[in-house]
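Take a look at the structure below.
The values are calculated or read from the model by the stated rules, or taken from the named source; none is laboratory data. If you're wondering where the values come from, they're calculated on a predicted model, not measured in any experiment. So basically every Cβ, Gly included, is an ideal-geometry build from the backbone, and we count neighbours across all protein chains shown.
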Amino acid sequence: MRNRNAINSKLEKLDHILINLLRIVNTQEPIEAYRVNIGKAQDDLEDLRTMIEREPNSPQEQNGSLR
């Protein structure tokens, strides 16, 4: 996988956003804090989807036989 480090970095960032959302719930912060963090998570998910789409397909994917 060509972008393994970048993808792992984005996954780590998503993990931290989820941890922050749990903290927001536990401390009962304003709803805007939820919205901001959910927006960040959605942006990172879109980035990850784009990165994955750019990866070359393996021979199994090209033959349509994913396992």
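Summary table
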{"quantity": "Verdict on ILE52 being touching a residue at least 24 places away in the same chain (Cβ under 8 Å) and among the β-branched types (Val, Ile, Thr)", "calculated": "yes"}
{"quantity": "Helices (runs of 4 or more DSSP H) contained entirely in the chain, each with at least 1 residues that are surrounded by 10 or more Cβ atoms within 10 Å (Cβ to Cβ) and modelled with pLDDT of 95 or more", "calculated": "4-27, 31-54"}
